[in-house]
Amino acid sequence: MTESPALPACPVETTLMLIGDKWKVLIVRELLGGTKRFGELQRGVGHVSQKVLTQQLRAMEADGLVHREVFAEVPPRVEYSLTDLGRSLAPVMDALKVWGEGFKALRQA
């Protein structure tokens, strides 16, 4: 078994290491709404390429945030959902939303 790299001493840095990428945050946002197929995720996230979305999903799966389920159908169906660890990011996402709304209100005032 490969040893995991040491985590940063700062917990904020650890969080940013896991979800600091723009696409990862948007993937979490989409999956907090429930299980999604790849195409649904891509539409929900926005202007992300298939390659980048695949890379981000693989990284998030490796970090234990996302669960990927493949169904033995023709054609194969793949669904993505948040793990319990991924769902534990809900309060973080809520805080980001509230802050963003407040910022937008200040800018429009």
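Every number in this text was worked out from the coordinates using simple rules, so none of it is lab data. The model shown is predicted, which means the values in this text are computed figures rather than measured ones. Neighbour counts run over all protein chains shown; Cβ positions are idealised from the backbone, glycine included.
Going by the structure shown, is residue 61 touching a strand residue (DSSP E or B) at 6+ places or on another chain (Cβ under 6 Å) and surrounded by fewer than 16 Cβ atoms within 10 Å (Cβ to Cβ)?
Yes; evaluated as a whole, the condition is true for this residue.
What is the residue count in the range 43-58 for residues that are surrounded by 16 or more Cβ atoms within 10 Å (Cβ to Cβ) and in a loop (DSSP other than H, G, I, E, B)?
1
Return the residues of the range 22-42 that are loosely packed, with under 14 Cβ neighbours inside 10 Å and over 10 Å from the mean Cα position of the chain (by Cα); say none if nothing qualifies.
Within the range 22-42, 33, 34, 35, 37, 39 qualify.
Select from the range 80-109 the residues that are among the small types (Gly, Ala, Ser) and in a helix (DSSP H, G or I) and write down the one among them that is surrounded by the most Cβ atoms within 10 Å (Cβ to Cβ).
Top of the filtered list is 86.
I'd like the residue in the range 1-59 that is aliphatic (A, V, I, L, M) and out of contact with any helix residue (DSSP H, G or I) (no Cβ under 8 Å at 6 or more places or on another chain) and, out of all such residues, is farthest from residue 91 (Cα to Cα). Before you say what the answer is, go through the steps one by one.
Residues of the range 1-59 that are aliphatic (A, V, I, L, M), as a first pass: 1, 6-7, 9, 12, 16-19, 25-28, 31-32, 41, 45, 48, 52-53, 57, 59.
With out of contact with any helix residue (DSSP H, G or I) (no Cβ under 8 Å at 6 or more places or on another chain) added as a condition, the list becomes 1, 6, 9, 12, 16-17.
Details: 1: 33, 6: 25, 9: 22, 12: 14, 16: 15, 17: 18 Å.
By that ranking, first place goes to 1.
For residue 17, only one of the following conditions fails: (1) surrounded by 12 or more Cβ atoms within 10 Å (Cβ to Cβ); (2) farther than 23 Å from residue 5 by Cα; (3) hydrophobic (A, V, I, L, M, F, W, C); (4) in contact with a Pro (Cβ under 8 Å, 6 or more places away or on another chain). What is its number?
So the condition that residue 17 fails would be (2).
If you check 61, 40, which single one turns out to be more than 15 Å from residue 24 (Cβ to Cβ), assigned to a helix (DSSP H, G or I) and acidic (Asp, Glu)?
40
Tally up the residues in the range 64-79 that are outside any strand (DSSP E or B) and either within 13 Å of residue 35 (Cα to Cα) or in contact (Cβ under 8 Å) with a residue 24 or more places away in the chain (or both), please.
So in the range 64-79, the residues outside any strand (DSSP E or B) come out as 64-65, 72-76.
Then keep just the ones that are either within 13 Å of residue 35 (Cα to Cα) or in contact (Cβ under 8 Å) with a residue 24 or more places away in the chain (or both); that gives 65.
Number of matching residues: 1.
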